[in-house]
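Working notes for the structure below.
The values are calculated or read from the model by the stated rules, or taken from the named source; none is laboratory data. Since we're looking at a predicted model, the values are computed, not measured. Here the Cβ is made from the backbone with ideal geometry for all residues, glycine too, and neighbour counts use every protein chain on show. The accessibility values were calculated without ligands, DNA or RNA, using every heavy atom of the protein model including side chains. Shrake-Rupley method; radii C 1.70, N 1.55, O 1.52, S 1.80 Å.
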Amino acid sequence: MGAMDPRPLTGEPISVELLNTRWIQDGRWQDLLTSPDGLAIWLASPTVVSELGEHPVHADEPTLAALLRARDGLAALLADPADTAAADAVLARGVLRLAASPQGVVERLELDDLAYYPAWTAVRSHLRLIGDRPDRFRKCANEACVLHFFDISKNGTRRWCSMTGCGNRAKASRHYARTRSGRD
Ligand SMILES: [Zn+2]
């Protein structure tokens, strides 16, 4: 615990946080989820903590394996929205039961394997996002960047994973192109 988080983008919903555990840095693929140590960093992300809530979650191999299946499932959906098999296989590990309470209906998730809790939650979260706000779930506009984000800006005009990263680079190259053509 307490290790540095190497990811370029955090603070996104849990499903996006899961997708963004893979990124490209200096032309090379990086992956946070190659070990339980990386998983511990991921599980400590504030948005992940808040979406997982009170459930006990362990940074162990079974949880990691389940999350990698969920990540594959999300990647398959991004490549082809009709390719639901891998995402469905993760969702099939849990059953939502409804119960009455003084505050209204309560959903109780029953899992056949508790290690699937973060994976199941991430897949469900993704399907909710693209069901509710499909226009707000986007890939970074930088062709060379593989990060995704969920745009919660008022006007929905976010284009980049971050203004300091890809946004800044795009601005700099536009500026460069302008100065070049001014000189010609
Ligand atoms: Zn980017």
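A single entry from LEU109, LEU127, LEU114 fulfils the requirement of being without any contact (Cβ under 8 Å) to a residue 24 or more places away in the chain, surrounded by 12 or more Cβ atoms within 10 Å (Cβ to Cβ) and away from the ligand (no atom under 16 Å from the Cβ): LEU109.
All conditions in (1) touching a residue at least 24 places away in the same chain (Cβ under 8 Å); (2) within 16 Å of the ligand (Cβ to nearest atom); (3) open to solvent by 30 Å² or more (accessible area, probe 1.4 Å) hold for ARG138, with the sole exception of (1). Within the range 73-87, the set of residues being open to solvent by 60 Å² or more (accessible area, probe 1.4 Å) and either free of Cβ contacts under 8 Å to residues at least 24 places away in the same chain or not in a helix (DSSP H, G or I) (or both) comprises ALA79, ASP80, PRO81, ALA82, ASP83, ALA85. Filtering the range 141-173 to residues that are outside any loop (DSSP other than H, G, I, E, B) and surrounded by 12 or more Cβ atoms within 10 Å (Cβ to Cβ) leaves HIS148, PHE149, PHE150, MET163, GLY165, CYS166, GLY167, ASN168, ARG169, ALA170, LYS171. The number of residues in the range 25-45 being surrounded by 14 or more Cβ atoms within 10 Å (Cβ to Cβ) and either within 14 Å of the ligand (Cβ to nearest atom) or among the aliphatic types (A, V, I, L, M) (or both) comes to 8. Can you give me the number of residues within the range 159-173 that are small (Gly, Ala, Ser) and under 16 Å from GLN25 (Cα atoms)? Within the range 159-173, residues that are small (Gly, Ala, Ser) and under 16 Å from GLN25 (Cα atoms) number 3. Of everything in the range 1-24 that is more than 16 Å from the ligand (Cβ to nearest atom) and within 21 Å of TYR117 (Cα to Cα), the residue that is modelled with the lowest pLDDT is MET1.
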